[in-house]
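The values are calculated or read from the model by the stated rules, or taken from the named source; none is laboratory data. Just so we're clear, the structure is a prediction, and the values are computed from it rather than from any experiment. All Cβ positions, glycine included, derive from the backbone under ideal geometry; neighbour counts span all protein chains shown.
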Amino acid sequence: MVVSSAWIVVGVVGIATIAFKAAGPVLIGRRALPGRIESVVGLLAPVMLVALVVTQTFGGEKEITVDARVAGVGAAFVAILLRAHVIVAMAIAAAVTALLRLAF
Amino acid sequence: MGDEPTASPRIRDGVRRALPLAPSPVLFGLSFGVLADATGFGAVAAVVMSATTFAGAAQFASVSVLDAGGTVAAAILAAIFLNARYVAISVAVASIFPGGKLRRLAESQSIVDESWALSGRRGRFEWPILVGSGLVFYVLWVGSTAVGTVLGGVLEDPNALGLDAAFAALFLALAAPYLRERRAQQAAALAAGITLALIPFAPAGVPIIAASVACLLGLRRSPRTGSPGSPWW
């Protein structure tokens, strides 16, 4: 890897992300969004979080991968259903996944 | 959290609510630093990226694309696709930021998935929770990235420790409170389907962006909402 390529990525992604995060608060200010748009935006939380769960659990190199992660996240899912603390759920996911990777 | 006053929270309430989630940014900041160092991304570049981009998934995506021999453009696109959600997220919370443009520009940088999710826990977005928790996550994220680059080859494969699954578990735990409402469940199910369908075909990050169309279910006029407080399963 050429060192300068990393710095190009750091610069462009950094500036873009800063702009993304500022887009609402700086450009839109205190104006409230119309109700329907707000209800659409309100659904972004579960939608994005679930999409992130799916990619973190099943995402491979352009393929759906079923490996130790699935068992780990499944165990965490059960823990969350039982109202376990987020740290407990994360620890369970990590432990189950790591043990399975160790075993196979 | 039941002992907290229901009146307007303060920055320190945001700090306090962020602390239970602290292991996540610390562990992933450490592993990001170690990974970036190990793949030749560069220690300083890794720390600067954590300080400016401040979004774990996109940072991991950039480093892994470059490490896998991907182009600079591919690494940038993957990260930008992953972070495009922050446009929608920042619009969602835009109205809660006080002060002038410069202050809003600075404070908007505290927006990250976890701080945003925490700030919306009580039915509306709360600025002190967002900024307070975002500040905690920022310090932990940048600091642990720096420590990670120093640790170097100690953690040769962070995923061997199951950290990738812990990351998924964190997002799952953050999603759960939202999924008590029927329409959120439907949108989430649609998003999961879109993501799964696109993973085999689309570049990293694109399935997540595409899944965002599921939020258009919010346009439907009469939502059938679940009874408040009922378990979402």
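Structure summary
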quantity: Answer residue from the stretch A:12-49, given it is at pLDDT below 90 and among the β-branched types (Val, Ile, Thr) and is farthest from B:Ala169 (Cα to Cα) among those; calculated: A:Ile28
quantity: Meets criteria (without any contact (Cβ under 8 Å) to a residue 60 or more places away in the chain and touching a helix residue (DSSP H, G or I) at 6+ places or on another chain (Cβ under 9 Å)) for B:Val34; calculated: no
quantity: Top-ranked residue in the stretch B:97-110 [being surrounded by 19 or more Cβ atoms within 10 Å (Cβ to Cβ) and out of contact with any Leu (no Cβ under 7 Å at 6 or more places or on another chain); ranked as farthest from A:Val86 (Cα to Cα)]; calculated: B:Arg104
quantity: Yes/no for B:Val142 being among the aliphatic types (A, V, I, L, M), within 30 Å of B:Gly40 (Cα to Cα) and modelled with pLDDT of 90 or more; calculated: yes
quantity: Unique residue being out of contact with any Ser or Thr (no Cβ under 9 Å at 6 or more places or on another chain) and not aromatic (Phe, Trp, Tyr) when the list is A:Ala76, A:Ala51, A:Ala71; calculated: A:Ala76
quantity: Which numbered condition B:Gly14 misses (of (1) touching a Gly at 6+ places or on another chain (Cβ under 6 Å); (2) facing chain A (nearest Cβ under 8 Å)); calculated: (2)
quantity: Restricting the stretch B:60-94 to residues that are buried (at least 19 other Cβ atoms within 10 Å of the Cβ) and of a type in the set (S, T, N, Q), the residue that is nearest to B:Phe41 (Cα to Cα); calculated: B:Ser62
